[in-house]
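Read the structure below first, then the notes.
Each value in this text was obtained by applying a stated rule to the coordinates, not by laboratory testing. Here the structure is a predicted model, which means the values were calculated and not measured. Here the Cβ is made from the backbone with ideal geometry for all residues, glycine too, and neighbour counts use every protein chain on show.
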Amino acid sequence: MIEQLLEYDTQLFLYLNNLGSEPWDGLWRLITEKYSSIPLYLLLVYLVYKKYGWRGTGLLLLCAALMVAATDQLANAFKHGIQRPRPCQEEALKELMRYVAKGCGRYGYFSGHASSSMAAAVFLGLALRDRYKYLPYLLIVWSIIIAYSRIYLGVHYPLDIITGFAFGGLIGWGTYKLFKYGLSRLPN
């Protein structure tokens with residue numbers, strides 16, 4: 001059963017990866033770069049400041065740092081524990097796929113990009129949802145775009161992405177709960 005699931009995962013990867021075309025490659029490389037989201041993060045910090053003030057913003061940044069560390073370390077633990085090769089490391093796929101990324105790590109299960117972007121989307125979406133009702137949905141779409149870039153570039157399978165989303169969503173929700181608890185403990 002696991003073998004069949006992995007075969008479906010490979011077929012879905014090849015389908016999604018081969019949807020790409022050379023004129024779009026640069027855009028997808030830009031999307032996947034961690035620094036390309038800095039303008040969005042700066043806007044979100046500003047929105048947090050407008051809602052929570054300096055103390056709340058400081059607490060949120062502390063929680064966000066813990067969240068990013070948690071998603072990154074958990075993804076790395078899974079990658080080295082499970083040791084599922086990335087698609088770009090599979091000889092049998094090299095002739096069938098489009099490899100667009102600049103580098104290809106060794107293991108890919110699960111995607112750190114998918115988990116960290118989903119964690120940020122859930123955490124910040126929950127923290128700001130009562131003031132900006134459409135923001136959580138926009139952040140989820142942003143996370144999906146980031147995650148798809150990993151398939152487009154040829155470095156992750158869809159199951160790597162889905163698992164990253166699941167862990168990221170849980171970590172984002174837990175970080176939001178931690179943030180709300182911290183807010184209730186802050187002196188006025």
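Note the full-extension length gain between I82 and R185 as 0.36 nm times their separation in residues minus their Cα-Cα distance, in nm to one decimal. Present the calculation step by step, with values, prior to reporting the outcome.
On the way: separation 103, 0.36 × 103 = 37.08 nm, distance 3.95 nm.
Separation in residues times 0.36 nm, less the Cα-Cα distance, equals 33.1 nm.
Kindly express, to the nearest 10 degrees and within the range 0 to 90, the angle between helix 2-17's C-alpha long axis and the longest C-alpha principal axis of the chain.
The answer is roughly 80 degrees.
How much FRET efficiency would the formula 1/(1 + (r/R0)^6) give for I2 and L62, where r is the Cβ-Cβ distance and R0 is 35 Å, rounded to 0.05?
Details: r = 40 Å, r/R0 = 1.13.
Taking R0 as 35 Å, the efficiency between I2 and L62 is 0.30.
Using DSSP to define loop residues, name the chymotrypsin sites (Phe, Trp or Tyr not before Pro) in segment 133-186 whose beta-carbon has at most 14 other beta-carbon atoms within 10 Å.
Working: sites: Y134, Y137, W142, Y148, Y152, F165, F167, W173, Y176, F179, Y181; in loops: Y134.
Taking segment 133-186 and a limit of 14 other Cβ atoms within 10 Å, the loop chymotrypsin sites (Phe, Trp or Tyr not before Pro) found are Y134.
At a Förster radius of 45 Å, what calculated FRET efficiency corresponds to the Cβ-Cβ distance of E95 and K50, to the nearest 0.05?
Working: r = 52 Å, r/R0 = 1.16.
That pair, E95 with K50, gives E of 0.30.
For the chain, what is the per residue volume of the convex hull drawn over the alpha-carbon atoms, in cubic angstrom? Don't skip to the end; give the middle numbers.
Details: hull volume 23.0 nm³, N = 188.
Enclosed volume per residue, from the Cα hull, is 122 Å³.
Counting other C-beta atoms within 10 Å, and keeping those with at most 15, which DSSP coil trypsin sites (Lys or Arg not before Pro) do you find in segment 99-188?
Numbers: sites: K102, R106, R129, R131, K133, R150, K177, K180, R185; in loops: K102, R106, R129, R131, K133.
In loop regions of segment 99-188 (DSSP not H, G, I, E or B), the sparsely surrounded trypsin sites (Lys or Arg not before Pro) are K102, R106, R129, R131, K133.
Restricting attention to segment 43-137, which GluC sites (Glu not before Pro) occupy a DSSP loop and are surrounded by at most 11 other Cβ atoms within 10 Å?
On the way: sites: E90, E91, E95; in loops: E90, E95.
The qualifying sites are E95.
Can you give the FRET efficiency for L138 and L170, using 1/(1 + (r/R0)^6), R0 = 25 Å, r = Cβ-Cβ distance, to the nearest 0.05?
Numbers: r = 21 Å, r/R0 = 0.83.
Efficiency, from the Cβ-Cβ distance: 0.75.
Which whole-number percent gives the relative contact order of segment 1-151, counting Cα pairs below 8 Å spaced six or more residues apart? If you can, show how the numbers build up before the last one.
Values: 116 pairs, mean separation 41.7, N = 151.
Relative contact order, segment 1-151: 28 percent.
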